[in-house]
2 protein chains.
Amino acid sequence: MMRTRPLKVALLGCGVVGSEVTRIMTTHADDLTQRIGAPVELVGIAVRRPDRVREGVPQELITTDATALVKRGDIDVVIEVIGGIEPARSLITTAFEHGASVVSANKALLAQDGAALHAAAERHGVDLYYEAAVAGAIPLVRPLRESLAGDRVNRVLGIVNGTTNFILDKMDSSGAGYSEALDEATALGYAEADPTADVEGFDAAAKAAILAGIAFHTRVRLDDVHREGMTEVTAADFASAKQMGCTIKLLAICERAADGRSVSARVHPAMIPLTHPLASVREAYNAVFIEADAAGQLMFYGPGAGGAPTASAVLGDLVAVCRNKVAEATGPGESAYTRLPVSAMGEVVTRYHISLDVADKPGVLAQVATVFAEHGVSIDTVRQQGKDGEASLVVVTHRASDAALSSTVEALRKLDTVRDVASIMRVEGE
Amino acid sequence: MMRTRPLKVALLGCGVVGSEVTRIMTTHADDLTQRIGAPVELVGIAVRRPDRVREGVPQELITTDATALVKRGDIDVVIEVIGGIEPARSLITTAFEHGASVVSANKALLAQDGAALHAAAERHGVDLYYEAAVAGAIPLVRPLRESLAGDRVNRVLGIVNGTTNFILDKMDSSGAGYSEALDEATALGYAEADPTADVEGFDAAAKAAILAGIAFHTRVRLDDVHREGMTEVTAADFASAKQMGCTIKLLAICERAADGRSVSARVHPAMIPLTHPLASVREAYNAVFIEADAAGQLMFYGPGAGGAPTASAVLGDLVAVCRNKVAEATGPGESAYTRLPVSAMGEVVTRYHISLDVADKPGVLAQVATVFAEHGVSIDTVRQQGKDGEASLVVVTHRASDAALSSTVEALRKLDTVRDVASIMRVEGE
């Protein structure tokens, strides 16, 4: 059964992930050969800085001409771990045109141009695999695309960014504020010098777009994902969460609407009960809950980033894509046949936790409750606390649309007795 | 791209799982067509009792002649949810001979005859998929076979039997004894009238054999799995576990030896720390930890049994196998190239919790400690408690081989001062 002509692999990018991919391909070459049914050979590594020392990476494979590498014509598989939109997109497209399948870890590109890339792969009869683009080593793309292919997924709810989970976990356990926790994350290498992509939720939003598209067999682009970062979460928010038996996580949430006619995808900080399995996800770990009609609730947990875990996902895809090459077949392509529209955030339904600073006088609660009622937002609990002529009012609502909640808050701000809407946070994971 | 000739599917068995498979194939026919790239048609359902009322199952498809059904010659895929060794094995083999791929949920058969069945499937150029055989809806077979195909798995540690987890969870939370908790499980439908297969660990052992084979790319049969049931776990064991900050779970443990030259697979009750994620798996849920070189620690959690969750796994496999049929290809077959031998239990290394009833007099601890030292078993902690001239001694060891521990216990029993070795339990999940 074993064929002897080796499959030729080109690697684009040789940073933390690329170096680890190279190391494993070298040290586990015999295992990969057995599992694929053919030897696999790394024939070129394109980098920007060829002089950088990369331990264990054969210097003779290094090139700075990525385009020439993917145009060689004899490459079976291109592994793309450069990240970002360009030149990654052009290189992947060129690889397809030259008959190569592609394994990519590029969430930003997949979230923005996934449909076009899938179409190009199909046109050229090659594969595009990207398990490593979402939640590092945790198998999510394959379970959603294949294991749950006979089921109907209704919800994906997860912690898909390790940096922000590390920061929020620190804030929760130590009572630290955001900047203090961010400093610690940076010092320990969990946050980048410019943490914007993580803390503003861009990274999680790209993953949410990819997951929603696969889960609901439709197209969801990065622009379709409602995104709120976690830079404004305060120690006071954590104190409020604790009083409710909750903690705060930055969640990616993809949902099928109750009527099944639309989907939504969003990233924002949210309170979740301490009894929810996602609440106990510590440090930089990731975890994703999937709810499906027949399967019920599944959870997947593991390291969401890092060189070795990401390389594990890349190599799993490499084996699959190489097996397909040997079999002269391709794996499942894009499945976007439902064409379900993506709802605007206003239509999304969830629960809310609202802290108000109000005047400490009779009738305030009645006034506030009336505003909620007038906007069709039903109150679950209210907690009132007085302090020096002022009082705080904490309202937790039943499920209501984001639009109804927004107009409620607008009306609350206009009340003389409401000094400030101190915080609004969604409550998830019932 | 869509082909119009439908793929023909035969279903063997129409109990809880089979009925649910039928229901989903009927109600989600359009989705399945889209996801497979061809319509899929259920053309026959073989049952033993044709007169039984099965809601939503088309009576005209029912037959009692399973052999004739798989011999029709026009069947593309056979779904086997009968369970047990015969007639399932003969039917599957006959299906292969007639060109059908098989989706099976049959853990007992796979654990006993997996190698022969895989060989038969390969000989006939068809697929054998069995995600539903292990842990119901939780994707485990596919992640191990495919997602981690480029990694090296070192350990699989899991709760893979819902019935026993329900019983142990009850004992833990209510302080109930084994038979009381079993009665509750039976009343609620979590345990069968004859619970032997579950409580004696046969079911978990079959799953351990399957998981170990896939994880380590070798062959592990049911007979290779060391198996201890959980019928002797007592309320006193739970009390001891609590004192150590632990709980007790029936675990399936598949390990690669430290030198990489052998593997082991075992099922037995064990103490695990409350801080370990498996400790918080409640009721009949399943969860499996996988440790791999590059991926690190992954966990998969979900419903491990039941009609709908098992049907979800069956249908995921059905879609995959049908896609392969459409592409005229097959998926990954058995990967057993490492041919790693399976160690006997005596060579397995772990930690132990031993309760001894001893005479309450000076020098006993020294005597006991000497016996451990003589057998090369290093003690981690000892707790001594006096009661009316007798005392109890609880010893927790460092890692030692099962053989060393057994000879230690044998020698302890011979000491005059040791009245009884009240319990021995392994400690896992550091």
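The values are calculated or read from the model by the stated rules, or taken from the named source; none is laboratory data. All values reported here derive from a predicted model rather than from experimental measurement. Neighbour counts run over all protein chains shown; Cβ positions are idealised from the backbone, glycine included. Each accessible area value is taken on the protein alone, full model and side chains, heavy atoms only, with ligands, DNA and RNA left out. Shrake-Rupley method; radii C 1.70, N 1.55, O 1.52, S 1.80 Å.
For the reader, a short list of remarks on this structure follows.
- When you restrict to C-alpha pairs under 8 Å that are six or more residues apart and normalise by the size of segment A:214-350, the relative contact order lands at 30 percent.
- Computed [θ] at 222 nm, helices only, for chain A once each DSSP H run of length n ≥ 4 contributes -39500 (n - 2.57): -10500 deg cm²/dmol
- Relative contact order for segment B:141-303, counting Cα pairs under 8 Å that sit 6 or more residues apart, in percent: 33
- Measuring against 30 Å, Cα to Cα, the residue pairs A:LYS249/B:LYS207; B:LYS387/B:LYS414; A:LYS207/B:LYS8; A:LYS8/B:LYS325 contain A:LYS249/B:LYS207; A:LYS207/B:LYS8 as the ones spanning a longer distance.
- For segment A:228-285, the Stokes-Einstein estimate of translational diffusion at 20 °C and a viscosity of 1.002 mPa s comes to 168 µm²/s, using the Kirkwood hydrodynamic radius over alpha-carbon pairs.
- Sorting B:THR22, A:THR338 on solvent-accessible area from highest to lowest, probe radius 1.4 Å, gives A:THR338, B:THR22.
- For segment A:29-83, dividing the convex hull volume of the Cα atoms by the residue count gives 109 Å³ per residue.
- Inter-chain shielding of A:35-42 (mean C-beta neighbours from other protein chains, 10 Å cut-off): 2
- When each of the peptides B:45-52, B:199-206 is scored by the mean number of other C-beta atoms lying within 10 Å of its residues, the order from highest to lowest reads B:199-206, B:45-52.
- Label zone at B:ALA193 (point 7 Å along Cα-to-Cβ), backbone N below 20 Å, segment B:80-94: B:82-85
- Rg over Rh for segment B:66-116 works out to 0.94, using Cα positions for both radii and the Kirkwood form for Rh.
- Loop trypsin sites (Lys or Arg not before Pro), segment A:249-306, which have at most 14 other Cβ atoms in a 10 Å radius of their Cβ (DSSP): A:ARG261, A:ARG282
- Mean projected area (nm²) of the alpha-carbon convex hull when segment B:245-384 is viewed from all directions: 13.2
- For the protein assembly as shown, the dipole from Cβ point charges (+1 on Lys and Arg, -1 on Asp and Glu) about the Cα centre works out to 1380 debye, to the nearest 20.
- Descending semi-axes in whole angstrom, ellipsoid equivalent of segment A:356-430, from the Cα gyration tensor: 20, 13, 11
- In the distance distribution for segment A:93-158, Cα-Cα pairs more than 17 Å apart total 49 percent.
- Translational diffusion coefficient (Stokes-Einstein; Kirkwood radius from C-alpha pairs) of the protein assembly as shown at 25 °C, 0.890 mPa s, in µm²/s: 85
- Inter-label distance, A:ASP357 to B:THR27: 5.2 nm, where each label sits 7 Å from its Cα along the C-beta direction.
- Inter-probe distance in nm under a simple model that places probes 7 Å from Cα toward Cβ, at A:ASP51 and A:THR231: 3.6
- Average Cα contact separation per residue, chain A, under 8 Å, 6 or more apart, as relative contact order %: 16
- Averaging Cα coordinates gives a centre for segment B:189-231 and one for segment B:291-320; these two points are 17 Å apart.
- B:ARG5 label point (Cα plus 7 Å toward Cβ) to equivalent points in the other copies: 3.0 nm, shortest first.
- With every protein chain in place, the protein assembly as shown: carbon and sulfur % of accessible area (1.4 Å): 48
- Semi-axes of the equivalent ellipsoid for segment B:141-303, Cα gyration tensor, largest first, Å: 28, 17, 14
- Accessible surface for the protein assembly as shown, divided over its residues, is 39 Å² per residue with a 1.4 Å probe.
- Solvent-accessible area lost on pairing B with A (1.4 Å probe, both sides summed) amounts to about 3900 Å².
- Here the dipole of chain A is about 840 debye; that uses its Cα centre as origin and unit charges on the Cβ of Lys and Arg (positive) and Asp and Glu (negative).
- Magnitude of the charge dipole for segment A:345-427, about its Cα centre and with charges confined to Cβ atoms of Lys, Arg (+1) and Asp, Glu (-1), is about 160 debye.
- Per-residue average of Cβ from other chains inside 10 Å of B:309-315: 6
- Relative pair counts by distance (%), Cα atoms of segment B:375-417, 10 Å bins: 24, 50, 23, 2
- For peptide A:287-297, the mean count of partner chain Cβ atoms within 10 Å of a residue's Cβ comes to 6.
- Principal axes of chain A: Cα extent on each, largest first, Å: 84, 46, 33
- Ratio Rg/Rh, restricted to segment A:1-126 and using Cα atoms, in which Rh is the Kirkwood radius: 0.96
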